[in-house]
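Below is one structure, written out as structure tokens; comments come after it.
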Amino acid sequence: MAKQTKTVRKGPQRAQPARTTLALGDLVSEAFEQAFEITHDSRQAAALASLVVQRLLCREGQGRYIDELASLEAA
């Protein structure tokens with residue numbers, strides 16, 4: 001008789017900081033590229049991409065990155 005194993009569900013995996021940063025950078029880059037295709041103006045594209053990324057991060061519960069992005073915008 002085959003041994004039965006119990007399936008254990010793990011909670012969401014926390015990404016390592018380097019991988020998360022890379023994913024955040026990819027998200028910002030993709031958002032900017034798509035916004036630039038729409039607006040054809042780099043300043044408007046940056047503003048639009050910023051709003052999109054902030055809303056996505058809010059929806060995903062990643063508030064700590066929103067503060068980081070806001071500090072970069074102010075610079």
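On the stretch given as the range 35-51, residues that are closer than 19 Å to GLU68 by Cα and hydroxyl-bearing (Ser, Thr, Tyr) total 1. Tell me whether the range 29-51 contains one or more residues that are at pLDDT 90 or above, surrounded by 10 or more Cβ atoms within 10 Å (Cβ to Cβ) and outside any helix (DSSP H, G or I). Scanning the range 29-51, I find at least one residue that is at pLDDT 90 or above, surrounded by 10 or more Cβ atoms within 10 Å (Cβ to Cβ) and outside any helix (DSSP H, G or I), so the answer is yes.
The values are calculated or read from the model by the stated rules, or taken from the named source; none is laboratory data. On a predicted model such as this, the values are computed, not experimentally measured, just so you know. Backbone-built Cβ (ideal geometry, glycine too); neighbour counts: all protein chains shown.
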